[in-house]
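Everything on this sheet refers to the single structure shown next.
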Amino acid sequence: MSKTTYKNRKVHYTSSGSGPAVLLLHGFLEDLSMWDDLEREFSKKNRVVRIDLLGHGMTENQGEVHSMEDQAEMVKTVLEELKIDRYSVIGHSMGGYIALAMAELYPGDLTGLVLMNSTSLPDSADKKRNRDRAVEAVKNNHKSFVRIAIPGLFAPENRKRLAKKIKEVTEVALRIPPEGIVAALQGMKIRKNRSAIFKNGKYPKLMIIGRQDPALDLETLIPQTEFPGVETVTFDDGHMSHIENGDKLKQNLLQFLERVSN
């Protein structure tokens, strides 16, 4: 684990392997450990960078709102320290929103983009209201919020089968301070519509979709799969493809990285 600073706040990250760089951005209520299994595989042929995003893991909170642009600028600070100026990005959920912000802010940097259980669209009005309710729930009792939220990200039929893993993921999320959870919710609520950025990007693009993803509306994802240069992998499960569909996902992502590296 390495560390740097962004706006006088500590940022923790890891860098391993050598070869074409791939940046792994975790989602809401996660930290860089979500990539442990994939990092071991990717680092055989790639330089792999994982970062604890603002207010998550061992990276400090930055303020009351962590916008996707703030997160992207923090990530860019880490990449500059590592002297990496070309990279592909795999972003899970909120990490995908940040990847899209990077695609807009630093368009010449990307060699490939994976939206994993994520979307290029902004929150709907209903989703924004849900974010507000979530903020109140976190302020009231953030541990109860986490214990309810994490199992709800999995397809119903997977919750018993993956009970041990769900407990591990919940324990990670419980270590995130309530201020970091609230700042992320506020940042996701105000994020921009970046469908044009995703549509017009000239690099290879991949969408990982779960048909039973409770966090995303499948009907809004389908049109995005028809954008130029977008490949799609669809699973029958929920929001946590790296857990629910681990081996298959690994193979799909390895194939993608091989393609962007050639």
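The values are calculated or read from the model by the stated rules, or taken from the named source; none is laboratory data. None of the values given here were measured: they were computed from a predicted structure. As a convention, Cβ positions derive from the backbone with ideal geometry for all residues, glycine included, and neighbour counts pool all protein chains shown. The accessibility values were calculated without ligands, DNA or RNA, using every heavy atom of the protein model including side chains. Shrake-Rupley method; radii C 1.70, N 1.55, O 1.52, S 1.80 Å.
By DSSP, what percent of the beta bridges with both residues in the chain are antiparallel, rounded to the nearest 5? So the antiparallel bridges amount to about 25 percent of the total.
If you average the alpha carbon positions of segment 192-262 and of segment 167-191, how far apart do those two centres end up, in angstrom? Comparing the Cα centres of segment 192-262 and segment 167-191, I get a distance of 23 Å. Remark: the chain carries 44 Å² of accessible area per residue (probe radius 1.4 Å; ligands, DNA and RNA excluded). Taking a ≥ b ≥ c as the square roots of the eigenvalues of the Cα gyration tensor, an a/c ratio of 1.5 or more together with a/b larger than b/c marks segment 1-72 as prolate. A simple packing score, the average count of other Cβ atoms within 10 Å per residue, orders the peptides 8-21, 30-43 as 30-43, 8-21, with the highest score first. Compute the signed sum of charges (Lys and Arg +1, Asp and Glu -1) over the other residues within less than 14 Å, Cβ to Cβ, of Lys160. That works out to +2.
Each Lys or Arg adds one and each Asp or Glu subtracts one; over the other residues with Cβ under 12 Å from the Cβ of Ile176, this totals -4. Beyond 27 Å in Cα-Cα separation lie the following of the pairs Lys164/Lys205; Lys10/Lys83; Lys3/Lys127: Lys164/Lys205; Lys3/Lys127. From most to least packed by mean Cβ count within 10 Å, the peptides 206-212, 23-29, 96-102, 193-199 give 96-102, 23-29, 206-212, 193-199. Near the amide H of Thr111, within less than 5 Å, lie the amide hydrogens of Tyr87, Ser88, Val89, all on another chain or at least 5 residues away, with H placed in the peptide plane.
For the chain, the carbon plus sulfur part of the accessible surface works out to 48%, probe radius 1.4 Å.
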